Amino acid sequence: MKYFTFLIVLIISFNTYAQKKYSPGYYINQSGQKIEGYIEDNLSYDSPERIFFKSSLESSATEVSISDISEFKIDNNFKFVKYNIAYDQNQVENSNPINRLGKEPDLQNKIVLLKVIVEGNANLYQAVMNGCNFYYFKTNTEKTPQLLIYRKYFYEGRVFENNDFRKLLFERFSTNEKEIKDFYNIKYNKDTLTDFFVKLNKADNSLVTQSVIIEKSANKMQYKILAGISGFNTSLKYGNDGNIESSSPSFSSPLFGVEVAKSLGKNYRRSEVFGRLFYQNTKIDVEQESRRSNIYDRTLQMNADINSLSLNLGYRYAIVKTQKSKLFLESSIGYNYVLSGSSIVINDEKRYIASDPTFVTSTQIEFLGFKPEIYYNVGVGYSLSKYALHLGYSTSRTYFDDGVTLKGGFTGFNLIFSYTIK
């Protein structure tokens with residue numbers, strides 16, 4: 001139980017650290033004054049209602065609400081610009097299309113900090129409201145971004161799509177080089193809309209490269225090297241009445257390996273699936289004494305030296321995400337194969353004759369037949385740039401089971417460092 005408490009404390013500590021991370025940035029107030037300093041780099045990538053700002057890293061943070069911001073940007077991050085825009089209230093209230101009746105949107109107005117996706121003579125923006133994505137465009141001759149209308153709705157027992165955004169894009173940006181089919185193939189998502197607006201701005205050399213937001217991490221493969229140590233708790237049953245249990249794990253088992261991870265979707269590396277292959281040397285040396293009534297004392301000793309190869313397949317999710325760091329939870333299923341190893345169990349018994357203990361017997365069992373094991377891992381981790389620290393717990397691996405004398409295995413606590421090489 002104390003190890004789980006330690007994990008919880010670690011999560012809270014990491015979360016506190018991440019929430020207090022500030023990066024260089026600026027905001028422009030309603031008077032048009034550009035104020036530079038440090039902005040809390042823990043914003044969701046939606047439509048923020050406020051920011052926390054410091055004039056210097058040593059100063060206290062002040063909250064700046066959307067009413068006092070016309071634009072802000074965090075260094076190497078997204079830029080947000082405030083506009084009074086239209087949105088589909090019916091979509092925001094009803095996430096399920098079955099509950100949306102009618103083709104036409106229920107347009108309402110709201111003041112929002114829009115994320116700048118592409119900047120040039122033709123600008124693309126995004127707003128996220130209650131999980132709904134809305135995209136907007138504006139040319140440099142216009143004052144207010146216009147909503148690109150896309151809507152799923154329910155009608156006569158079926159779900160239909162309103163793709164008016166394609167018609168609007170065709171009317172505004174059609175040329176002799178762009179045919180109707182070029183617009184028909186545009187989908188209402190960040191990738192295809194970004195590609196469309198990037199090409200528009202490249203055509204007239206107006207693209208502001210640093211303002212183009214392309215989710216480079218989406219569906220990206222990452223390759224990592226791993227090194228760490230493990231501590232194992234031993235729990236073995238010897239015969240009918242003997243047990244060997246370690247009181248606390250000893251972190252003395254090194255591991256080395258590699259990991260391949262793939263980011264999922266368009267959520268800026270919040271979700272990942274991963275595969276991990278590593279070699280580990282496990283050494284255990286435990287001893288336990290017990291007394292059975294007044295008949296005899298028993299001392300059980302176990303020494304193990306095992307070399308194994310493990311394959312883990314799992315899922316990782318960042319619960320806190322900033323531009324350069326993230327706090328994540330992970331879980332996986334593992335397959336462990338013993339390459340080589342041995343384990344010796346010594347059973348010493350001292351029986352009582354009158355008042356003096358007399359040595360009677362010493363039994364030694366060498367166990368060589370280790371079977372492959374499936375086990376599970378859960379853990380927490382923190383990454384900063386290419387470096388990451390993982391702390392996890394592994395369920396029991398029943399290495400020993402001769403069906404008669406010996407049965408049991410190890411549970412493990414793992415401390416792993418990883419480095420992303422690509």
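Heavy-atom accessible surface of segment 83-125, averaged per residue, reaches 45 Å², computed with a 1.4 Å probe.
Please find the FRET efficiency linking Ser206 to Ile374, where r is the Cβ-Cβ separation and R0 is fixed at 56 Å, and quote it to the nearest 0.05. Result of the calculation: an efficiency of 0.45. With all protein chains in place and a 1.4 Å probe, the accessible surface of segment 51-149 carries 45 percent carbon and sulfur. Gain on full extension, evaluated as 0.36 nm per residue between Tyr315 and Lys187 minus their Cα-Cα distance, stands at 43.2 nm.
On the beta carbon distance between Ser331 and Tyr155, with R0 = 41 Å, the FRET formula returns roughly 0.50.
The values are calculated or read from the model by the stated rules, or taken from the named source; none is laboratory data. Everything numeric in this text was worked out from a predicted model, so none of it was measured. A quick note on method: Cβ atoms are made from the backbone with ideal geometry, for glycine too, and the neighbour counts reach across all protein chains shown. Accessible surface areas use protein heavy atoms only, side chains included; no ligands, DNA or RNA. Shrake-Rupley method; radii C 1.70, N 1.55, O 1.52, S 1.80 Å.
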